[in-house]
Each structure stands twice: as structure tokens, then as C-alpha cells.
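The values are calculated or read from the model by the stated rules, or taken from the named source; none is laboratory data. Bear in mind the structure is a predicted one, so any value in this text is a computation, not a measurement. Cβ atoms come from the backbone with ideal geometry, glycine included; neighbour counts cover every protein chain shown.
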């Protein structure tokens, strides 16, 4: 069962410029920039009430989940929906014929599974269970 919007993933061309807009122009607070080698991204989160905006700069979009989208330009590229148990929810959706991408996997602070954009009319859905809430 979906319990909340956890975050919105936004692909940006220039993370530093995006952070300047969200923090200096809009007055929001951002997390430190995180750099990952797999997939090759730079990322920072901006908190808007209970929802995080994940600002993601991809060095090579073809090596990220972005490759599954029909459009690969900057903009919203996934919506993270919080669930109590991502393993159970993902398995139930797959039994119902909803296509997934890969399998359930661990992130730093969450377990996640992606639903293929074909399932939601072109929107990639990320099911999220926060580790600090299990």
C-alpha cells in the first residue's frame, strides 16, 4: 500500500546551478552534494515539507535508470512513493503483471524497486521503504 510521496527525482544539466536556484532563489535547504560512481551521478536533496526533491546530474544517462524513459532531457524523471515493505509490494505488483526494472535493492537510507515507465503511462515509479522507518 502506498503511504506517501517520498521524493521526486529531477534530472538537471548542472547540479550547481540547480542548487543555486532552489536554495538562493527559492530559499530551500539542500543536503551536501553526493557523488556516486555507479551509476555515475552527482546528487543533492532539497526538502520541501515532507517531500524531498532529488536533484540528479548524470554524467552518463545511459548508465542510469533514465535510459528507460521515452524522454531523456532534464526534468522530472521519477516519483518515489513510500511503502511499508518494498519487497512485499514489488512482488505483489509483479504477480499482477506490472513490469519492474531490475529487482529490489538497497540504497544508503532506503530499499527501492523501480516500476517500468510503461506501467504508469511514461512515468517511472520508485517504490521506497526508508530503513530508519522499518
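Among 38, 34, 73, which is the only one that is closer than 19 Å to residue 117 by Cα and surrounded by fewer than 19 Cβ atoms within 10 Å (Cβ to Cβ)?
Checking each option against the conditions leaves just 73.
Could you list, in sequence order, the residues of the range 37-64 that are within 16 Å of residue 13 (Cα to Cα), within 11 Å of the chain's Cα centre (by Cα) and in contact (Cβ under 8 Å) with a residue 40 or more places away in the chain?
Once the filter is applied, which keeps residues that are within 16 Å of residue 13 (Cα to Cα), within 11 Å of the chain's Cα centre (by Cα) and in contact (Cβ under 8 Å) with a residue 40 or more places away in the chain, the range 37-64 yields 53, 54, 55, 56.
Does residue 132 satisfy the criteria of being free of Cβ contacts under 8 Å to residues at least 60 places away in the same chain, exposed (fewer than 12 other Cβ atoms within 10 Å of the Cβ) and in a helix (DSSP H, G or I)?
yes
Which one of these does residue 90 not meet: (1) assigned to a strand (DSSP E or B); (2) buried (at least 20 other Cβ atoms within 10 Å of the Cβ)?
Among (1) assigned to a strand (DSSP E or B); (2) buried (at least 20 other Cβ atoms within 10 Å of the Cβ), the lone unmet condition for residue 90 is (1).
For the range 65-75, check the following and say yes or no: at least one residue is part of a strand (DSSP E or B), under 24 Å from residue 37 (Cβ atoms) and either in contact (Cβ under 8 Å) with a residue 24 or more places away in the chain or touching a strand residue (DSSP E or B) at 6+ places or on another chain (Cβ under 7 Å) (or both).
no
Being free of Cβ contacts under 8 Å to residues at least 40 places away in the same chain and touching a helix residue (DSSP H, G or I) at 6+ places or on another chain (Cβ under 9 Å) is true for just one of 119, 91. Which residue is that?
Sole residue among the options that is free of Cβ contacts under 8 Å to residues at least 40 places away in the same chain and touching a helix residue (DSSP H, G or I) at 6+ places or on another chain (Cβ under 9 Å): 119.
Please work out if residue 102 is modelled with pLDDT under 90, assigned to a strand (DSSP E or B) and farther than 28 Å from residue 16 by Cα.
When the stated conditions are applied, residue 102 passes them.
Could you check residue 27 against (1) under 26 Å from residue 2 (Cα atoms); (2) in a loop (DSSP other than H, G, I, E, B) and say which number it fails?
(1)
In the range 64-91, what residues are farther than 18 Å from residue 6 by Cβ and at pLDDT 95 or above?
Matches in the range 64-91: 91 only.
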